[in-house]
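A.B. asks: Please find one structure pasted underneath; my questions will follow.
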Ligand code: HEC
């Protein structure tokens with residue numbers, strides 16, 4: 001019985017599949033994506049922010065957008081966002097909080113104390129938020145929301161304009177808190193951990 005099964009398996013793998021493929025022309029399924037479609041998916045923004053579109057925004061402009069489109073999930077208040085140690089808050093991700101939240105057995109990672117690049121904030125909001133309508137924000141709104149979250153984390157000023165030039169220059173507090181996972185680890189090991197500019201130079 002065992003051998004019979006093996007025989008069937010070998011037959012299926014060797015002869016059966018190509019025959020099936022001929023019987024069912026899969027080439028008729030799907031469609032070649034149009035350049036517009038590819039462009040709509042191709043939204044990744046790297047650490048240097050070279051792919052950022054034109055547009056701009058400040059924290060002041062971001063505040064009402066956050067209140068209308070984000071606060072119902074991320075909470076907003078005078079001290080803002082998601083300090084509460086509830087399961088829901090942990091699931092939705094805290095956006096604001098300092099290093100002290102990392103201490104203790106249940107650290108709470110936030111945009112402010114964890115994310116290494118401000119450009120990733122733009123990328124993430126643009127592609128994934130608000131969760132009920134991802135991709136619905138225009139570039140100005142995404143800049144304004146990024147500025148607002150950075151301001152609330154004490155990283156930029158309230159009236160600082162965020163755009164394709166200024167956002168990549170924002171230095172996130174935890175930029176050097178990551179161990180490089182790349183095969184270039186030998187190169188990064190040459191950096192003195194007390195020299196934060198070193199990893200920047202290697203990235204260039
Ligand atoms: C319907 C609920 C909902 C709304 C509305 C919403 N979010 Fe989120 N957001 C989430 C959830 C859930 C996550 C966590 C997703 C995950 O980790 O996969 C998240 C994650 C995030 C993160 C990543 C946080 C991190 O550290 O990983 C950012 C930044 C963010 N949201 C910003 C926004 C902004 C800006 C808006 C408004 C435009 C918004 N969100 C609206 C539910 C929401």
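The values are calculated or read from the model by the stated rules, or taken from the named source; none is laboratory data. None of the values given here were measured: they were computed from a predicted structure. Quick reminder, even Gly has a Cβ in these numbers, built from the backbone with ideal geometry, and neighbours come from all protein chains shown.
A.B. asks: I'd like the residue in the range 128-142 that is within 11 Å of the ligand (Cβ to nearest atom), modelled with pLDDT of 95 or more and outside any loop (DSSP other than H, G, I, E, B) and, out of all such residues, is farthest from residue 174 (Cα to Cα).
C.D. replies: 141
Table: residues versus (1) more than 10 Å from the ligand (Cβ to nearest atom); (2) within 20 Å of residue 141 (Cβ to Cβ); (3) at pLDDT below 90.
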position: 66; (1), (2), (3): no, yes, no
position: 72; (1), (2), (3): no, yes, yes
position: 79; (1), (2), (3): yes, no, yes
position: 94; (1), (2), (3): no, no, yes
position: 101; (1), (2), (3): yes, no, yes
position: 109; (1), (2), (3): no, no, yes
position: 115; (1), (2), (3): no, yes, no
position: 119; (1), (2), (3): yes, yes, no
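A.B. asks: If you don't mind, another one. Residues being within 18 Å of residue 165 (Cα to Cα) and touching a residue at least 60 places away in the same chain (Cβ under 8 Å): count how many of those fall in the range 119-148.
C.D. replies: 16
A.B. asks: Check off (1) over 18 Å from the mean Cα position of the chain (by Cα); (2) at pLDDT below 80; (3) in the same structural domain as residue 53 (by TED's automatic domain parsing); (4) not in a helix (DSSP H, G or I) for residue 156 and give me the number that stays unchecked.
C.D. replies: The number of the failed condition is (2).
A.B. asks: OK, next. Mind listing whichever residues of the range 154-171 are more than 13 Å from residue 49 (Cα to Cα) and surrounded by 22 or more Cβ atoms within 10 Å (Cβ to Cβ)?
C.D. replies: Selection gives 156 alone.
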